[in-house]
Every structure is written in structure tokens, then in C-alpha cells.
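K.L.:
After the C-alpha cells below, expect a handful of questions from me.
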Amino acid sequence: MWYTQVRGGDAGRRKAGAPAGGAAVRKGAAMGTCRILSRSTQPFRDRLEAARLLAQELSNDLEGEVVVLGIPRGGVLLARELADRLGAALDVVLVRKLGAPGNPELAIGAVTEDGRVVMHEAAAGSLGADRDYVQRETQRQYAVLCERKEAYRGVSPRVPLEGRTAVVTDDGVATGATLLAALWAVRDEAPDRLIAAVPVGPEGNLRRLAQDADELICLRAPPGFAAVGQFYVRFEQVSDRQVIQALRERPGSARQQ
């Protein structure tokens, strides 16, 4: 199994502010549709261009009430542009990637706001992330996530997803652990339809991720993929202030058809 899901045994016995413990393997979901539009190596100008291109692909494929959820931090800027162009509601899905030893930008896993952990076991093993390292990194990232939750939810209360179409987006996929954690978290909110929409990623990981969405759309799956930033001309770090501003200006209502 490519990923492992870690859950708490009894949430009521967990200490406040502590992520869940105890491991369980998530069973594979029915395969969703994986729509890869190109294998071009051409970079996007910036996140806004990528969002505009995604909106073009999604605009004729959505029905009912739609909520676009961005993964912080860069994914929220894409989500803001997508929501504007699609006439959808905007929200944030709170997950935090677990960085590899010596390379914090490379995800070996992710933790959600309810303490669920998703691990990319092959990546963690090959990069020397043993159990002690993963536990420390999880505790550290979960603490950051709790701080962000307080900041983000202060300006952006959670948008109900039950019975709606949920579109989860980020600025790209590498190992896929962060997006997978986000999809699991959103699926728990009982949307009528769950779509993953990303500008770029490696084809193999995209096809695996499609198993946990009703549909996955990716603009480009170039060969020789190494990192998300490789496929952007401008790929600046995004600050919490930018995320909060994007959420503060979010559209006020979900798209109605």
C-alpha cells in the first residue's frame, strides 16, 4: 500500500493540542477519473495563470453549489482565483506537510487539523525518516497547524460541504501526501462530489491520488518531474498574511446552477 493513514484510537483521551496516534491502513477507494490534459514541460507564468487555466477546464463541468478549497499556503491563492472565476464559495482545507530530513520542502507525509497523518512510506524510508523523526516532525507541524487554524478560521469560518461539489486545489503535486490528506479530510465532510484540481504533478502519483477523488484534473504531467517550483516562472513563498487576505475577500456564496 502506497500510503498509510494514522488515526487516534480514542479522541476523547487525547491531550489537547496533540495529534492522533496509532496506525491503520486505509483501504483503497474506487478508482476516480484521472484527466491529464497535457504532458508539456512549459512552465506556468505564476499561480494566477495556472488558476485561470484550471477554471477554463472546470467551468463546464460543475453543477449545483460549489466550494473551492485551497491547501495553504500557495493553494489558497489558486483557490481564490478559481472561486472568483467559477462563482463558487471559497474555503481552506487545513493540512500541513511533514518535511523530509534536511529537505523540509519535500513532503514525506501530512497531518490534518483533526490529527490524522498520511505517510508516503517509500519516500520516508528512502530519505531516512525513522519513527522518532516522523513523530517529532508530526508534533511540530501539528502545532503550526493549530496556530494557523486559529488565524485562518478567525476570518474564514468553515463552509459546509455536505451535498455540495468540493474542489480541492493546490499549486502542484509532488509525492501527493498533502493532497491525499486534504482529500480524506474533505471526504469526511460528505460532499456530493469531490474533485481534485491541480496545475502540475507526476503522472504516477496523480493516478494514485485519483483513487480518493471522484475526479482528478491536472493541466500538465511532464516527464522528468522533480519539484513543483520547476514548472513556474514565478513561484514566490506565500505568507500567512496573503492567505488571510485572500480568505477575507472570499466570494460570499456558492455557485448556483
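The values are calculated or read from the model by the stated rules, or taken from the named source; none is laboratory data. Predicted model, so just to flag it, every value in this text is computed and none were measured. Here Cβ is always computed from backbone atoms with ideal geometry, including for glycine, and neighbour counts include all displayed protein chains.
K.L.:
I'd like to verify a number: residues in the stretch 204-238 that are in a helix (DSSP H, G or I) and in contact with a Phe, Trp or Tyr (Cβ under 8 Å, 6 or more places away or on another chain), how many?
P.N.:
So the count comes out to 5.
K.L.:
If I filter the stretch 143-164 down to residues being farther than 22 Å from residue 47 by Cβ and outside any loop (DSSP other than H, G, I, E, B), which single residue comes out as nearest to the chain's Cα centre (by Cα)?
P.N.:
Here the answer is 149.
K.L.:
Something else about it: Looking at the stretch 66-76, can you tell me whether even one residue there is within 26 Å of residue 38 (Cβ to Cβ), assigned to a helix (DSSP H, G or I) and touching a Gly at 6+ places or on another chain (Cβ under 7 Å)?
P.N.:
Yes, some residue in the stretch 66-76 is within 26 Å of residue 38 (Cβ to Cβ), assigned to a helix (DSSP H, G or I) and touching a Gly at 6+ places or on another chain (Cβ under 7 Å).
K.L.:
Give me a count of the residues in the stretch 59-78 that are over 17 Å from residue 180 (Cα atoms) and within 13 Å of the chain's Cα centre (by Cα).
P.N.:
Residues flagged as over 17 Å from residue 180 (Cα atoms) and within 13 Å of the chain's Cα centre (by Cα) within the stretch 59-78 amount to 2.
Each row is one residue, and each column tells you yes or no for (1) at pLDDT below 90; (2) buried (at least 20 other Cβ atoms within 10 Å of the Cβ).
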residue: 96; (1), (2): yes, yes
residue: 108; (1), (2): yes, yes
residue: 119; (1), (2): yes, yes
residue: 127; (1), (2): yes, no
residue: 143; (1), (2): no, no
residue: 156; (1), (2): yes, no
residue: 162; (1), (2): no, no
residue: 167; (1), (2): no, yes
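K.L.:
Here's another thing I want to ask about it. Tell me, which residue of the stretch 79-94 that is part of a strand (DSSP E or B), buried (at least 24 other Cβ atoms within 10 Å of the Cβ) and of a type in the set (A, V, I, L, M) is nearest to the chain's Cα centre (by Cα)?
P.N.:
92
K.L.:
If we keep just the residues of the stretch 168-192 that are assigned to a loop (DSSP other than H, G, I, E, B) and β-branched (Val, Ile, Thr), which is nearest to the chain's Cα centre (by Cα)?
P.N.:
The selected residue is 173.
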